[in-house]
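One structure is given here, and the rest of the page talks about it.
Any read-out appearing in this document is the output of simple, stated calculations on the displayed coordinates, not a laboratory observation. Note that the structure is a prediction, hence the values are computed from the model and not measured. Don't worry about glycine lacking a Cβ; one is built from the backbone with ideal geometry, like all the others, and counts go over all protein chains shown.
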Amino acid sequence: MNVLWRNCLRCILLQKEGVEFAGYTVPHPTQPEINVRIQTTGKPAIDILKESLDDLGNMCDIMLNKFNEALKQS
């Protein structure tokens, strides 16, 4: 997951109700993994993470569809 998608996910997480903190670290740049930390006031963090990943996927789908529509028009 490159830095763009990590930051997008963090921003989505921070917009969720009940999220007090959302951040990530990259253990090593050559490893394809990140450590995500989410601090919530109620709802389990794993549920908020799943919702946020779904939201990010939906945003990507919308952007891809808009891009493809623009390509067809040009």
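Relative contact order of the chain: 27 percent, from C-alpha pairs under 8 Å at least 6 residues apart in sequence. Model label sites at K43 and N2, defined 7 Å from Cα along the beta-carbon direction, differ in position by 3.0 nm.
Near N58: Cβ cut-off under 14 Å, other residues only, Lys/Arg at +1 and Asp/Glu at -1. The net charge is -2. If you line up the long axis of helix 3-15 against the longest principal axis of the chain, both from Cα atoms, how many degrees apart are they, to the nearest 10? So the inclination is approximately 60 degrees. Straight Cα distances below 25 angstrom link K43 to the lysines K16, with same-chain residues fewer than 8 positions distant left out.
Per-residue Karplus couplings for the stretch 41-55, computed as 6.51 cos²θ - 1.76 cosθ + 1.60 with θ equal to phi - 60°, are listed in order as 9, x, 4, x, 4, 5, 5, 5, 4, 4, 4, 5, 5, 4, 4 Hz, Gly and Pro entered as x. Summarised in one figure, the compactness ratio Rg/Rh of the chain, Cα atoms and Kirkwood Rh, is 1.08. Projecting the Cα atoms of V19, N68, P29 onto the charge dipole of the chain (Cβ charges, centred on the Cα centre) puts P29 farthest toward the positive pole.
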